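To start, I am sharing the structure in question, which I have written as structure tokens.
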Amino acid sequence: MSITVTWLGHAAFSLDIDGTAVLIDPFLSDNPVARVSPDEVEADFILVSHGHGDHVGDTVAIAKRTGACTISNAEINRWLTEQGLENLHAQHIGGGYHHPFGHVKLTIAHHGSGLPDGSVGGNPCGFLITAGDKKLYFAGDTGLFSDMRLYGEEGIDFAALPIGDNFTMGPDDSLRAIRFLEPKVVMPVHYNTFPVIEQDAEAWARRVEKETTAQPVVLRPGESTTL
Ligand code: NI
Ligand code: MN
């Protein structure tokens, strides 16, 4: 089992899980830091954490071009159906399902989820993905919550946490989240896309090394790490 995690900037990821392409929150065409266009990314599955434009992003165009299956909550999937998508898999918070590339469980996120046209997007979520012997946690947009301890009990190899503050956790609360989650490796997301969420990721990484047991990984958009 080989898993390559590529950060596309903001909260967008492309995972290569033994040759299956899994996109998460593919916000690319309007993303000032993204370096790939929605016309060139591969996708077999697209996971959407909530309805905000910087997460739904280019999901509709990419799914139409590739035929990828979208995995999201029932409300967002219903909206995606209204946009013309036909290959969808709805789940909801606390529910897991064995997809061909691995098991996906939707997790709590404390945030909003309104869709770009004002439609109701249900509750926002994060994702716990189990592929082979690896467990990956993508928190989505969220503030700190103590039930992260429960996700930590599952044994997390890789966690992607927001650190931008203002809309989500900031650096201080992300350090507390890391102590709840106890991931082996942790990566910061949802920062430096816009001026209001500017953060010093290197300073954050030094604190992670000093104050937690996790290994920080700071990527630039387009860079990858292999688990
Ligand atoms: Ni959001
Ligand atoms: Mn966001």
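Taking the Cβ of each residue in HIS111, HIS10 as the centre, tally the other Cβ atoms inside 10 Å and list the residues starting with the fewest.
Fewest to most other Cβ atoms nearby, the residues stand as HIS111, HIS10.
Longer than 18 Å from Cα to Cα, which of LYS135/LYS210; LYS134/LYS184; LYS105/LYS134 are they? Say none if no pair is.
LYS135/LYS210
Hey, for a label at ASP147 modelled as a point 7 Å past Cα toward Cβ, could you say which residues of the range 83-115 have their backbone N under 14 Å away?
Answer for this model: 92-96, 105-111.
Right, next: Of the DSSP beta bridges with both residues in the chain, give the percent that are antiparallel, rounding to the nearest 5.
Values: 29 of 49 bridges.
About 60 percent, rounded to the nearest 5.
Taking the beta-carbon count within 10 Å as an exposure proxy, list VAL217, VAL41, VAL189, VAL196 from fewest neighbours to most.
By the 10 Å Cβ count, ascending, the order reads VAL196, VAL217, VAL41, VAL189.
If R₀ is 30 angstrom, what is the calculated FRET efficiency for the pair SER119 and HIS92, using the beta carbon separation as r and rounding to 0.05?
The calculated FRET efficiency here is 0.95.
Return the distance in nm (one decimal) between the two label points of a simple spin-label model at GLU42 and ALA74, each offset 7 Å from Cα along Cα→Cβ.
Result for the modelled spin labels: 3.5 nm.
For the range 128-227, what are Rg and Dmax over the alpha carbons, in angstrom?
12.6, 38
A further question follows. P(r) for the chain: what percent of alpha-carbon pairs falls in each 5 Å bin, starting at zero?
Reading upward from the zero bin: 1, 7, 16, 21, 22, 18, 10, 3, 1, 0.
As a check on your grasp of the helix formula, calculate [θ] at 222 nm for the chain: sum -39500 (n - 2.57) over DSSP H runs of n ≥ 4, divide by the residue count, round to the nearest 500.
Calculated from helices alone, the mean residue ellipticity at 222 nm is -5500 deg cm²/dmol.
State the Kirkwood hydrodynamic radius of the range 25-111 in Å, one decimal place, computed from all pairs of distinct Cα atoms.
After inverting the pairwise mean of 1/r, the radius is 13.3 Å.
Please work out the C-alpha center-to-center distance from the range 17-66 to the range 71-111 and express it in whole Å.
A separation of 14 Å, based on Cα centres.
Sorting THR213, THR20 on the 10 Å Cβ count, fewest up front, what's the list?
By the 10 Å Cβ count, ascending, the order reads THR213, THR20.
Values quoted throughout were computed directly from the atomic coordinates according to the rules given, and no laboratory measurement underlies them. Bear in mind the structure is a predicted one, so any value in this text is a computation, not a measurement. Positions of Cβ are backbone-derived with ideal geometry, glycine not excepted, and every protein chain shown enters the neighbour counts.
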